[in-house]
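Comments concern the structure below.
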């Protein structure tokens with residue numbers, strides 16, 4: 001019977017990215033332990049005794065260590081890597097380990113700072129409500145990290161976490177980069193979003209963001225969701241909890257590009273002059 005997979009992380013407790021790796025291992029329900037590379041400086045007898053105990057089922061249910069994952073700071077001459085070779089234990093760098101986890105996923109790199117809603121990064125929250133079922137990794141309070149694994153093919157990973165752990169574009173499946181075709185206009189009473197493959201096409205309207213300092217980041221994230229193919233209906237549904245007693249879709253400034261009767265929210269039909277139009281809206285959006 002093959003032993004249960006048991007990973008030993010060989011890295012400094014302050015190694016770049018180790019907190020996020022811990023969160024991923026826990027979410028994947030993989031058994032793991034950690035050891036400082038400096039422990040190799042112990043007397044040879046003590047070091048070998050510690051290593052052998054690790055192999056001899058220190059974790060009774062998990063079984064012996066089956067593989068080492070090491071950070072760049074661990075050299076080829078490191079004690080633990082030498083012993084792994086002697087004992088026939090598989091070893092790999094943290095870069096190779098991450099590649100094996102994410103090789104079939106579509107990676108969406110998310111920059112800091114970000115906007116959170118209901119405990120999730122805004123991008124992950126909207127994609128989840130829209131049914132994309134993304135997985136994501138993100139730091140929360142007091143140095144803790146949160147990892148949530150779902151059924152979709154998208155992984156949301158923070159840029160600052162990947163920095164130093166993986167080269168740009170080295171993780172995940174080969175895929176066409178999402179083109180940034182969406183934009184927005186902030187008006188006094190709300191925000192209009194547009195798609196611009198060929199000219200501006202109105203997508204939808206939101207009330208102003210509740211937290212002014214987050215508004216730019218929120219708009220960037222919503223535009224990215226539009227570029228990813230999220231429907232405006234799903235975006236509205238995902239953001240519905242942000243506004244209390246405020247309609248997300250404001251019809252006060254709705255105008256049609258015709259010299260005819262148009263519907264202006266709160267009126268019974270007001271004739272709108274084509275000359276007064278300052279932007280064109282898609283009648284069937286939203």
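Restricting attention to the range 1-12 and to residues that are over 11 Å from residue 67 (Cβ atoms) and at pLDDT below 85, the residue that is surrounded by the fewest Cβ atoms within 10 Å (Cβ to Cβ) turns out to be 1.
Of all the numbered requirements in (1) under 22 Å from residue 214 (Cβ atoms); (2) modelled with pLDDT of 85 or more; (3) not in a strand (DSSP E or B), residue 152 misses one, and that requirement is (1).
With respect to (1) surrounded by fewer than 18 Cβ atoms within 10 Å (Cβ to Cβ); (2) touching a strand residue (DSSP E or B) at 6+ places or on another chain (Cβ under 7 Å); (3) in the same structural domain as residue 149 (by TED's automatic domain parsing), the lone exception for residue 125 is condition (1). Scanning the range 115-135 for any residue that is in contact with a helix residue (DSSP H, G or I) (Cβ under 9 Å, 6 or more places away or on another chain), modelled with pLDDT of 90 or more and within 29 Å of residue 8 (Cβ to Cβ) turns up at least one such residue.
Let's see how each residue does on (1) modelled with pLDDT of 85 or more; (2) in the same structural domain as residue 68 (by TED's automatic domain parsing); (3) closer than 11 Å to residue 79 by Cα; (4) surrounded by 16 or more Cβ atoms within 10 Å (Cβ to Cβ):
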| position | (1), (2), (3), (4) |
| --- | --- |
| 21 | yes, yes, no, yes |
| 24 | yes, yes, no, yes |
| 28 | yes, yes, no, no |
| 35 | yes, yes, no, yes |
| 39 | no, yes, yes, no |
| 45 | no, yes, no, no |
| 48 | no, yes, yes, no |
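One residue stands out among those in the range 133-149 that are part of a loop (DSSP other than H, G, I, E, B) and in contact with a strand residue (DSSP E or B) (Cβ under 6 Å, 6 or more places away or on another chain): the one that is surrounded by the most Cβ atoms within 10 Å (Cβ to Cβ), which is 134.
Among the residues here, residue 116 qualifies as outside the structural domain of residue 23 (by TED's automatic domain parsing), under 30 Å from residue 233 (Cβ atoms) and surrounded by fewer than 18 Cβ atoms within 10 Å (Cβ to Cβ). Between 69, 74, the distinction of being assigned by TED's automatic domain parsing to the domain that holds residue 17, assigned to a loop (DSSP other than H, G, I, E, B), crowded, with 20+ Cβ neighbours inside 10 Å and in contact with a helix residue (DSSP H, G or I) (Cβ under 8 Å, 6 or more places away or on another chain) belongs to 74 only. Consider the range 77-109 and keep the residues that are outside any helix (DSSP H, G or I) and in contact with a helix residue (DSSP H, G or I) (Cβ under 6 Å, 6 or more places away or on another chain). The one that is farthest from residue 228 (Cα to Cα) is 78.
The values are calculated or read from the model by the stated rules, or taken from the named source; none is laboratory data. What you see is a predicted model, and the numbers here were worked out from it, not measured in a lab. All Cβ positions, even for glycine, are placed from backbone atoms using ideal geometry, and neighbour counts span all protein chains on display.
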